[in-house]
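Please treat every number below as a calculation from the coordinates, not as lab data. All figures in this text were calculated on a predicted structure; none of them were measured in a lab. Cβ atoms come from the backbone with ideal geometry, glycine included; neighbour counts cover every protein chain shown.
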Amino acid sequence: MKIWPNILERHGVHARHELCDGSFLEAKQTLHEELDASLVSEVDQDSDLTAYTAYVADEYSDEEDDAPTGAVLEILFSNRRSLAALRYDNPDLSGAFIEWVSCSTVEDALVAWRKKVMAKYTVIDGDTTAINNQRLDT
């Protein structure tokens, strides 16, 4: 997936290899303990961690017959606060980075995150309507 260079620069991350286009299947609920400590720590210092539900979504290549890219998106989503912190970890990047988005569902969090960080939109399986609606809003 093509990420805005300023996003990577702000987090001190660079691409080791060209990033392939990919999409995420639905996020699966998991335990806080299964997420990277940096994401849990960032959310915990900002607010009450118990208000957040943990999710994980694997990225699959749009170019290579849906092969896994090795990239993972970890999500802490708060329905009460309409907020999510998302940590993107891709082996083709020098490190992972965390971005926050406003959203009403975990699915909306994925769309908002893609809109925020992607230099080139790709389709999220089953959610093209949400992307099109958000493009019209901007």
- request: Name the residues whose placed amide hydrogens come within less than 5 Å of the amide hydrogen of residue 118, ignoring near sequence neighbours (fewer than 5 apart) on the same chain.
  value: 4
- request: Subtract the Cα-Cα distance of residue 119 and residue 80 from 0.36 nm times their separation in residues, and report this length gain in nm to one decimal.
  value: 11.1 nm
query: Using a basic spin-label model with each label point 7 Å from the Cα along Cα→Cβ, how many nm lie between residue 32 and residue 53?
result: 1.6
task: Could you pull out every residue, at least 5 positions away or on a different chain, whose amide H is within less than 5 Å of the one on residue 79? Hs are placed 1.01 Å off N in the peptide plane, and Pro or chain starts have none.
output: 53
query: About its Cα centre, how strong a charge dipole does the stretch 5-128 have in debye, to the nearest 20, once Lys and Arg get +1 and Asp and Glu get -1 at the Cβ?
result: 600
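Based on the alpha-carbon gyration tensor of the stretch 1-84 and its eigenvalue square roots a ≥ b ≥ c, which shape applies: rounded if a/c is under 1.5, prolate if not and a/b is larger than b/c, or oblate?
Oblate shape, in that a/c is at least 1.5 and b/c is the bigger or equal ratio.
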field: Distance (nanometres) between label positions extended 7 Å along Cα→Cβ at residue 25 and residue 10
entry: 3.1
- prompt: Hey, quick one: spin label on residue 17, modelled 7 Å out along Cα-Cβ, who in the stretch 73-94 has an amide N within reach, i.e. under 15 Å?
  reply: 90-94
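How about the stretch 47-118: which trypsin sites (Lys or Arg not before Pro) there lie in a loop by DSSP and see at most 11 other Cβ atoms within 10 Å?
Sites meeting the loop and neighbour criteria: 80.
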message: Tell me which GluC sites (Glu not before Pro) from the stretch 1-99 have a DSSP coil assignment and no more than 12 other beta carbons within 10 Å of their own.
response: 18, 63, 64
